[in-house]
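Worksheet: one structure, shown below.
The values are calculated or read from the model by the stated rules, or taken from the named source; none is laboratory data. Keep in mind the model is a prediction, meaning the values are calculated, not measured. FYI the Cβ positions are ideal-geometry reconstructions off the backbone, even for glycines, and counts take in every protein chain you see. For the accessible areas, the whole protein counts, side chains as well, though only heavy atoms, and no ligand, DNA or RNA atoms are used. Shrake-Rupley method; radii C 1.70, N 1.55, O 1.52, S 1.80 Å.
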Amino acid sequence: MSFRSSVTIVASPRPRVGKTLLARLLIDFHVQEDRSVAGFDLNSGEGTLAQFVPERAARSVIGDIKGQMALFDRLIAADNTTKIVDLGHESFESFFAVASQIGFAEEARRRGIAPAVLFVLTPDRTSVEAYRDLHARLPQGALVPVHNEILGHAQHRDKYDLIGSGASVVRLPLLTPGLRKYIESPPFSFADSKLAARLDVPIDINIELQRWLRRVYLEFRELDLRILLADLQSSIRL
């Protein structure tokens, strides 16, 4: 199977672990890779994905059948678009319950779409059990652990098994307070080449931001490669 596009779900059952930042970075990474990309925002409150990148992300709801159908129909549409889902912790259980019931990952792969879940690691029992449960719920999807360095040293990583061929932890490098000042007020796009000038970002801060983005995007490129190689190995075995 040759994948034409992907669906990446950024998830954690815990709030305030950096999911929206990760989703924003993924969207802008794909934009800079010249891919068509669409974001789906399943959050409430302030500082949501749709508020940060309103031109590329829209609010979605799954509280009723109509909303569920609209969301999942779009996610599995074979339209050569890379999709990023920022899954709020309030919607975590209901989203994956529906995804499991309808065979979301299996249908996505049948249509040439690579499904993946980027799961932000935290040491609590709720997250550890949710991570293990996802492997059973979405056996055809790539389950990728993410270590957000702002949450501290990942001494709890031994609680999370690496699942699948070539699996590895994606690292989101520590974001310094000097950078957060400029990127945490929506709207904000990392892909906007004129952003630094418009926000009057000091040159040293802009250099630091570009250095940080290079580290983040290297992690994403290596993730893309691992998923591709894993799929090739699976196709050869078949």
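A few comments on the model shown:
- In order along region 219-229, the Karplus-derived 3J(HN,Hα) couplings, from 6.51 cos²θ - 1.76 cosθ + 1.60 at θ = phi - 60°, round to 4, 5, 5, 5, 5, 3, 5, 5, 5, 5, 5 Hz, and Gly and Pro are given as x.
- Close amide H partners of S6, meaning residues 5 or more places away or on another chain with modelled amide H under 5 Å apart, are T82, K83, A114.
- Each peptide in 179-189, 110-120 receives the mean, over its residues, of other Cβ atoms within 10 Å, and ordering these scores from highest gives 110-120, 179-189.
- Once backbone amide H atoms are built at 1.01 Å from N, D192 has no partners under 5 Å, excluding neighbours fewer than 5 places away on the same chain.
- Region 65-184 gives an Rg/Rh value of 0.99, both radii derived from C-alpha positions and Rh following Kirkwood.
- Over the chain: helical MRE at 222 nm, DSSP H runs n ≥ 4 each giving -39500 (n - 2.57), nearest 500: -13500 deg cm²/dmol
- Here the accessible area is traced with a 1.4 Å probe on the protein chains. For the chain, carbon and sulfur cover 52 percent of it.
- Equivalent ellipsoid semi-axes - Cα gyration tensor, region 3-96, angstrom: 19, 17, 11
- Residue-wise HN-Hα coupling along region 105-119, computed from phi with Karplus coefficients 6.51, -1.76, 1.60 (Hz; x: Gly, Pro): 5, 5, 5, 4, 5, 4, 8, x, 10, 8, x, 8, 10, 9, 9
- Hydrodynamic estimate: the Kirkwood radius of region 62-131 over Cα pairs, inserted into Stokes-Einstein at 10 °C and 1.306 mPa s, corresponds to D of 119 µm²/s.
- For A142, nonlocal amide neighbours, meaning residues 5 or more places apart or on other chains whose placed amide H falls under 5 Å from its own, are A116, V117.
- Backbone HN-Hα couplings from phi across region 138-153 [Karplus 6.51/-1.76/1.60, Hz, Gly and Pro as x]: 10, x, 8, x, 6, 9, 10, x, 10, 9, 8, 5, 5, 7, x, 5
- The chain: C-alpha pair distances exceeding 24 Å, %: 43
- Candidates per GluC sites (Glu not before Pro) in region 54-96, loop by DSSP, up to 15 other Cβ within 10 Å: E55
- Neighbours of V120 by Cβ distance under 11 Å: Lys/Arg scored +1, Asp/Glu scored -1, total +3.
- Between helix 65-75 and the chain there is an angle of about 80 degrees, using the helix long axis and the longest principal axis of the Cα atoms.
- Between helix 125-137 and the chain: long-axis angle, C-alpha atoms, 0 to 90°, nearest 10: 50
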